[in-house]
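Here's the structure, in structure tokens; my notes come after.
The values are calculated or read from the model by the stated rules, or taken from the named source; none is laboratory data. Quick caveat, the model's predicted, so the values are computed rather than measured. Note that each Cβ is placed from the backbone with ideal geometry, even for glycine, and that neighbours are counted across all protein chains shown. Each accessible area value is taken on the protein alone, full model and side chains, heavy atoms only, with ligands, DNA and RNA left out. Shrake-Rupley method; radii C 1.70, N 1.55, O 1.52, S 1.80 Å.
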Amino acid sequence: MRILVLGSGAREHAIVTALLRERAGDGPAHHIIAAPGNAGMAAEVEVVGLDATNGSVVTEYALENDVDLVVVGPEAPLVAGVADVLRAHSIPVFGPGRKAAALEGSKTFAKRIMDEARVPTGRAVRTGTLAEATTALDEFGAPYVVKADGLAAGKGVLVTDDRAAAIEHATYWLQHGSVLIEEFLEGQEVSLFLLSDGHTVLPLSPAQDFKRLLDGDAGPNTGGMGAYSPLPWLADRFGSEADFVEEVIETIALPTVRQLATEGTPFIGLLYAGLILTEQGVRVIEFNARFGDPETQVVLPRLESPLSTLLLASANGSLSSHAAPVFSSEVAVTVVLASEGYPDAPITGRELVGLDAALAVPGVTIAHAATARLDDRLVATGGRVLSVVATGAGFTEARSRAYEALGRISLEGGQFRRDIAAKVAE
Ligand code: AMP
Ligand code: GLY
């Protein structure tokens, strides 16, 4: 197939890597094009500099270049309706249309869908003024959970014991729209990805993300500083990972997908269920309408079924004729290398060295995010620069490989967490 992958992050690089693993004879089974891609993807596949959020531009490119499948990585093109334009031209696309993508783009929409579908989630109050927000904060009490309603590039959520900070966050985001005040939920977090063709869902293997910047879950929320998969501790509580996944499908994913189908906005793409396992049961903290970053970097390396087949079957509505994806028993750990100053004010333009030495560590791959080639140097161009991914027979091995590889990379001021998957390795 000719597959166009939209996006420029480590998630998209991980998708490209998984697609390149599919072989036909001596070569890759597919011709892959990334738009706009990054330096890592450019070393492996064709990259084109087009505006991935412009539906007409993407559609014109896909038609002129005989693209068989478009895979949308980030949320921005989805919320901008790029998948709608492609679908209107009968181009198979993995990614929901604008209306279904509101599951991620509008927390109010997501809460309404969950409400209608009786999907368990935290109680929340939508507020439009500071007075309403303050009242809701005092009703729920500490710890306070304050969420911007719309897309906020990972900066919209604040969880804090500090009432003044909660009010300040609400004040800021009220300038941009409404704000949700939510009940605080306590428990382990799980990211579960489900492929959806609008009616049927097939699960991928669960992962856990580390959202805070610093070791011990301290510091500000980020896009994600690391992840691991699978989650062996799920078996302690649910009997097995499969039993957990089945419960999420029955109580969360299918009701949500059915509700969206009933409303005439079928969800075709990746339903990302962000879950908290509270003592009262599994609760949704958020849905995303796309693969998670960095969880994708640990889920896809473990996928043994061909990714392209699953993405195409989702796009053309034939998932029900496919078996559940199969995963390797190997584990995967990823650690994100971020620029100095991330997340507030990342310093960019600094040189990255040592990637070849890092790649020489067994089981290690690198998913590039914010990288570019400048003459013959590789430079960091943003906050989250790359994800080092390591597989191994167990978490101790995968972690030591990932950290050995990171130790071989140098980036002035670079930051990374040292405790990714530490607990699960014990
Ligand atoms: P989100 O952007 O919705 O994924 O939220 C970012 C992070 O904030 C989540 O991964 C959780 O760690 C935390 N969070 C969000 N909602 C809640 C909640 N209701 N209770 C506790 N923590 C939450
Ligand atoms: N890792 C969190 C996200 O992709 O939203």
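General remarks:
- Within segment 319-344, the set of residues being open to solvent by 40 Å² or more (accessible area, probe 1.4 Å), modelled with pLDDT of 95 or more and within 30 Å of Thr222 (Cα to Cα) comprises Phe327, Ser329, Glu330, Glu340.
- Residue among Ala405, Ala367, Ala358, Ala398 that alone is surrounded by 18 or more Cβ atoms within 10 Å (Cβ to Cβ), part of a strand (DSSP E or B), at negative phi and of a type outside the set (S, T, N, Q): Ala367
- At least 1 residues being open to solvent by 40 Å² or more (accessible area, probe 1.4 Å) and within 16 Å of ligand 2 (Cβ to nearest atom) is the threshold, and among the strands (runs of 3 or more DSSP E) wholly inside segment 100-199 those reaching it are 157-160, 188-197.
- Test: residue in segment 336-343 that is touching a residue at least 24 places away in the same chain (Cβ under 8 Å), among the aromatic types (Phe, Trp, Tyr) and within 13 Å of ligand 2 (Cβ to nearest atom): no
- Given (1) within 25 Å of Leu270 (Cα to Cα); (2) open to solvent by less than 10 Å² (accessible area, probe 1.4 Å); (3) not small (Gly, Ala, Ser), index of the condition Val379 fails: (1)
- With a requirement of 2 or more residues that are open to solvent by less than 10 Å² (accessible area, probe 1.4 Å), away from ligand 2 (no atom under 16 Å from the Cβ) and aliphatic (A, V, I, L, M), the helices (runs of 4 or more DSSP H) lying completely within segment 218-318 that satisfy it span 254-262, 307-315.
- Residue satisfying all of: in segment 13-29; open to solvent by less than 30 Å² (accessible area, probe 1.4 Å) and more than 20 Å from the chain's Cα centre (by Cα); farthest from Val388 (Cα to Cα) among these: Gly27
- Looking only at residues of segment 68-90 that are open to solvent by less than 50 Å² (accessible area, probe 1.4 Å) and in a loop (DSSP other than H, G, I, E, B), we find that the one that is farthest from Ala29 (Cα to Cα) is Gly81.
- The condition of being touching a helix residue (DSSP H, G or I) at 6+ places or on another chain (Cβ under 7 Å), over 19 Å from Asp344 (Cα atoms) and at pLDDT below 90 does not hold for Gly177.
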